[in-house]
Amino acid sequence: MKKVQKIQGWALFIILLIIGLLMVYPMIWMLVSSVKSANEILNQPLQLIPRSFHFDNFTNALKAAPFMQWLWNSAWTTVVIVFMQLFFSSLIAYALTQFKFMGRNVLFAIILATYMLPSATTYIPSYVILGKMHLINSLIGLVISNLANVFVIFLLRQSFMSVPKGIIEAARSDGASEWTILWQIVVPMNKNAVLNATLIGFITNFNGYLWPSLLLNDTKKQVISVGLNSFSNTQGAFDQTFPIIMAGTTIAVVPLIIVYVILQKYFVQSSKTSSIKG
Amino acid sequence: MDLIELKRINKQYENKEKVIEDFDLNIKKGDFTVFLGPSGCGKSTLLRMIAGLEKISAGELLINGELQNDLPPKERNIAMVFQNYALYPHMSVEKNMGFGLKMRGIDKQIIKQKVTDAAKILNLTDYLDKFPGNLSGGQQQRVALGRAIVRESEIYLMDEPLSNLDAKLRAVMREEIVTLHKQMAATTIYVTHDQTEAMTMADRIVILNHGDIQQIGTPKEVYQRPQNMFVASFIGIPPMNLIPLKNHDGKYYLENAELSLKDDLGNQPLVFGIRPEDAFVDNAAPLKMKVTYIEDMGADRYVHGLVNGTKFTLRDGSNNDYQVDQEIGVGFTAQQVSFFDQVSTNRVEANLWK
Ligand SMILES: Nc1ncnc2c1ncn2[C@@H]1O[C@H](COP(=O)(O)OP(=O)(O)OP(=O)(O)O)[C@@H](O)[C@H]1O
Ligand SMILES: [Mg+2]
């Protein structure tokens with residue numbers, strides 16, 4: 001019995017390892033290519049360690065397009081959007097879980113129903129509304145059109161439901177206002193869900209492509225995902241510009257990796273402490 | 001004027017029958033009042049209405065003569081200890097205890113001082129940095145108490161605060177709470193379904209059943225003069241023996257023996273009540289009991305049996321042996337008997353001639 005289990009364990013490990021490698025392969029290819037010369041990139045078989053390191057790919061990329069501007073645009077809009085989404089979603093989730101009011105379930109059903117809607121169907125109405133607000137081709141417009149996020153509401157609502165009623169009541173009789181209870185009791189108690197929402201929100205918004213590409217026209221106002229695409233489109237002769245494109249792509253991905261690594265550490269931490277605290 | 005006045009309080013949960021109906025009660029400043037009653041009788045509901053956590057459907061709640069019905073909990077000077085502790089899991093013991101003061105904008109230094117003092121009283125000094133999840137049930141319970149006492153409120157509400165503790169710890173905590181109450185002289189309402197807690201802690205017991213007050217009185221009063229058969233059978237371990245009396249030609253019979261009452265009650269149908277400790281073995285007595293089992297508690301020994309099919313228990317101080325199915329005679333102290341109306345179940349004031 002023991003032996004069979006061990007073999008099964010190893011088999012599983014190897015399968016997972018292969019799948020994992022397959023998944024990170026494009027990423028590795030990108031990282032490696034970003035420091036190779038144009039000729040070496042297309043050499044077969046692929047070499048993991050470049051013969052010579054061409055870090056000037058990065059400076060060339062930065063010269064060829066306003067990557068830093070795009071990164072900055074993506075970064076601040078993403079941070080503001082994620083922050084606002086968490087803020088508003090916490091408020092709604094708190095009301096949905098802690099207050100009794102007429103039509104509470106109907107409200108939640110409507111919110112969920114909008115989640116079923118393909119996001120593409122909202123582009124035209126959103127575009128028209130933003131147009132009326134004179135926020136087309138504006139990063140503020142991008143932020144405003146992303147203030148609410150049904151998924152985050154849903155995630156927080158489900159998590160907030162697990163807070164025992166007694167704790168809310170204890171806080172109320174301790175003299176805390178609903179505002180204080182939300183931010184000092186409920187949100188810290190649901191740290192994992194909030195971090196989850198942060199991570200997912202960060203990745204979704206940083207990688208968001210279609211909507212920003214419709215909304216933003218000026219080169220200076222692009223977000224990194226859209227900018228990167230137009231950059232690779234305008235570079236023409238592919239094989240010679242591959243290194244620069246790969247360097248640009250790497251620049252675009254690095255912030256995501258940093259965020260992921262930071263939040264991952266929190267994940268591990270919070271699950272550790274919560275298990276100790278029972 | 002009493003500190004807390006409940007006037008014709010009603011409570012109805014959403015589309016459900018009334019849990020509390022026309023409830024009237026006054027509570028004096030400084031009293032330790034215990035709400036005692038079986039599970040589901042509405043004790044927590046009452047307490048939560050006083051705390052402001054539950055809406056009062058109808059009626060008035062006055063504290064210091066001021067109407068409280070629409071005041072949110074934070075505007076009532078009330079500290080509450082919850083049935084299941086309800087500690088904040090993400091805060092240390094110190095933060096938990098200080099939270100109520102922090103919410104009231106008290107200076108940090110003063111909060112620290114008060115929390116330290118309370119921790120000393122409750123033996124929690126070594127645990128101030130710990131989180132609730134790392135504490136035993138008894139420690140969590142004390143944190144919950146500490147959170148209430150640092151508030152130094154006018155009124156303390158405690159909802160079965162000892163229900164999750166083992167018997168020994170419960171006895172210790174009972175004493176601690178009573179001592180604390182004496183020190184602080186704060187008005188306390190304590191909810192329990194454990195009559196030992198009620199008897200040992202209360203200045204006044206309010207016995208509830210189905211949301212109605214059955215009796216209000218000191219522990220001694222409710223024990224010695226139960227106002228109805230519910231109280232008689234609810235208070236006392238084991239409870240009072242109750243045997244319906246027979247009635248022929250204006251005379252009352254306890255089984256075969258005639259009872260001579262001082263008072264003329266006409267033909268009112270009566271139930272006879274006697275506490276196990278006021279009954280004894282007396283083989284000359286006309287009342288006979290068939291022994292079913294003996295319960296030896298160490299200090300006390302109870303003989304359980306059947307009197308003509310009705311359960312009967314007496315406390316026996318002798319060292320005699322009794323066999324199961326043995327028939328023994330039962331005597332009782334005439335001054336200690338109680339009578340109840342068979343129909344209304346209310347107490348009937350009547351006495352026996354010796
Ligand atoms: N939120 C609620 N909604 C509907 N009914 C409720 C609610 N809370 C309590 N009840 C009902 O009200 C009645 C009284 O409940 P309550 O919690 O006050 O009893 P209790 O005396 O505190 O009981 P226990 O000793 O078990 O704590 C019960 O029949 C219960 O089912
Ligand atoms: Mg209760």
Problem set entry | Spin-label zone in the stretch A:217-257 - amide nitrogen under 17 Å from a point set 7 Å from the Cα of A:Asn39 along the C-beta vector | A:239-244
Seminar exercise, completed: Which of A:Ile181, A:Ile251, A:Ile224 fluctuates most in a GNM of chain A (C-alpha springs under 10 Å)? That residue is A:Ile181
Exercise. What net charge is computed for the residues neighbouring B:Lys29, neighbours being all others with C-beta under 10 Å from the C-beta of B:Lys29, Lys and Arg scored +1, Asp and Glu -1?
Worked result: -2
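Relative to the Cα centre, what is the charge dipole magnitude of chain A, using +1 at the beta carbon of each Lys and Arg, -1 at the beta carbon of each Asp and Glu, and rounding to the nearest 20 debye? Walk me through the numbers on the way to the answer.
Working: 18 positive and 7 negative charges, 166 e Å.
Value, rounded to 20: 800 debye.
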Seminar exercise, completed: Only helices counted: for the protein assembly as shown, with every DSSP H run of 4 or more residues adding -39500 (n - 2.57) and the sum spread over all residues, [θ] at 222 nm is -14500 deg cm²/dmol
For this session: For every other residue with a beta carbon closer than 13 angstrom to the beta carbon of A:Leu139, add +1 if it is Lys or Arg and -1 if Asp or Glu, then tell me the sum.
Result: +1
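Using the Kyte-Doolittle scale, find the helices of chain A whose mean hydropathy is at least 1.0 and whose Cα atoms extend 27 Å or more along the helix's long axis, counting only whole DSSP H runs.
Working: long enough: A:2-33 (45 Å, 1.49); A:67-98 (45 Å, 1.08); A:238-276 (56 Å, 1.03).
Within chain A the helices that satisfy the rule are A:2-33, A:67-98, A:238-276.
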Exercise. Given a cut-off of under 8 Å on Cα pairs at least six residues apart, what relative contact order in percent is computed for the stretch B:4-228?
Worked result: 29 percent
For this session: Label the stretch B:1-88 by shape, choosing from rounded, prolate and oblate, from the square roots a ≥ b ≥ c of the eigenvalues of the Cα gyration tensor; if a/c is under 1.5 it is rounded, and otherwise prolate applies when a/b is larger than b/c, oblate when it is not.
Result: rounded
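What length, rounded to one decimal in nm, is gained on full extension from A:Leu91 through to A:Lys3, with 0.36 nm per residue of separation minus their alpha-carbon distance? Can you show the working numbers first?
Values: separation 88, 0.36 × 88 = 31.68 nm, distance 5.31 nm.
Gain on stretching A:Leu91 to A:Lys3: 26.4 nm.
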Seminar exercise, completed: Note to self: Kirkwood Rh of the stretch B:234-341, Cα pairs, one decimal, Å, is 14.4 Å
Exercise. Along the charge dipole of the stretch A:37-277, Cβ charges K/R +1 and D/E -1, which of A:Tyr209, A:Tyr115, A:Ser52 sits furthest on the positive end?
Worked result: A:Tyr115
Problem set entry | Net dipole in debye of the stretch B:234-341 [+1 Lys, Arg Cβ; -1 Asp, Glu Cβ; about Cα centre; nearest 20] | 140 debye
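Test of understanding: what is the full-extension gain from B:Ile213 to B:Asn283, defined as 0.36 nm times their sequence separation minus their Cα-Cα distance? Walk me through the numbers on the way to the answer.
Details: separation 70, 0.36 × 70 = 25.20 nm, distance 4.04 nm.
Gain on stretching B:Ile213 to B:Asn283: 21.2 nm.
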For this session: Give me the lysines in straight-line cross-link reach of A:Lys220: C-alpha distance below 26 Å, same-chain residues under 8 apart excluded.
Result: A:Lys63, A:Lys132
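Which order results if B:Arg104, B:Arg147 are arranged by neighbouring Cβ count within 10 Å, fewest first?
Numbers: B:Arg104 14, B:Arg147 29.
The most exposed by this proxy come first: B:Arg104, B:Arg147.
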Exercise. Which whole number in µm²/s is D for the protein assembly as shown by Stokes-Einstein, with the Kirkwood Rh taken over Cα pairs at 10 °C and 1.306 mPa s?
Worked result: 51 µm²/s
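Arranged by the count of other C-beta atoms within 10 angstrom, fewest first, what order do B:Asp341, B:Asp316 take? Spell out each step's value before the answer.
Details: B:Asp341 16, B:Asp316 20.
So the residues, fewest neighbours to most, are B:Asp341, B:Asp316.
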Exercise. Using alpha-carbon pairs under 8 Å, 6+ residues apart, how would you state the relative contact order of chain A in percent?
Worked result: 32 percent
For this session: Could you run the Karplus curve 6.51 cos²θ - 1.76 cosθ + 1.60 with θ = phi - 60° over the stretch B:338-351 and give me ³J(HN,Hα) per residue in whole Hz, x for Gly and Pro?
Result: 10, 10, 10, 6, 5, 8, 7, 6, 7, 5, 10, 6, 8, 10
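According to the Cα gyration tensor, what semi-axes, each the square root of 5 times an eigenvalue, does the equivalent ellipsoid of the stretch A:1-57 have, listed from largest to smallest in whole Å? Show your work: numbers first, answer last.
Values: eigenvalues 274, 18, 14 Å².
Semi-axes, largest first: 37, 10, 8 Å.
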Seminar exercise, completed: Within the set A:Met23, A:Met133, A:Met68, GNM on chain A using Cα springs under 10 Å gives the largest fluctuation to A:Met23
Exercise. Percent relative contact order of the stretch B:1-95, based on C-alpha pairs within less than 8 angstrom and at least six residues apart?
Worked result: 30 percent
Seminar exercise, completed: On each of the three principal axes the extent of the alpha-carbon atoms of the stretch B:4-228, given in whole Å and largest first, is 49, 38, 32
For this session: Using a cut-off of under 18 Å, list every residue of the stretch B:247-281 whose amide N is near the label point 7 Å from the Cα of B:Ser344 along the Cα-to-beta-carbon line.
Result: B:263-273
For this session: Could you work out how far apart the two model spin labels at B:Glu154 and B:Lys120 are, taking each label as a point 7 Å from the Cα in the direction of the beta carbon, and quote it in nm?
Result: 2.9 nm
Seminar exercise, completed: From the cross-link list B:Lys246/B:Lys290; A:Lys191/B:Lys108; A:Lys100/B:Lys18; B:Lys28/B:Lys182; B:Lys55/B:Lys112; B:Lys55/B:Lys102, the entries with a Cα-Cα span beyond 23 Å are A:Lys191/B:Lys108; B:Lys55/B:Lys112; B:Lys55/B:Lys102
Exercise. With springs only between Cα atoms under 10 Å, which of A:Thr249, A:Thr78, A:Thr180 fluctuates most in a Gaussian network model of chain A?
Worked result: A:Thr180
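Bear in mind these aren't lab numbers, they're just calculated from the coordinates by the rules spelled out. What you see is a predicted model, and the numbers here were worked out from it, not measured in a lab. Don't worry about glycine lacking a Cβ; one is built from the backbone with ideal geometry, like all the others, and counts go over all protein chains shown.
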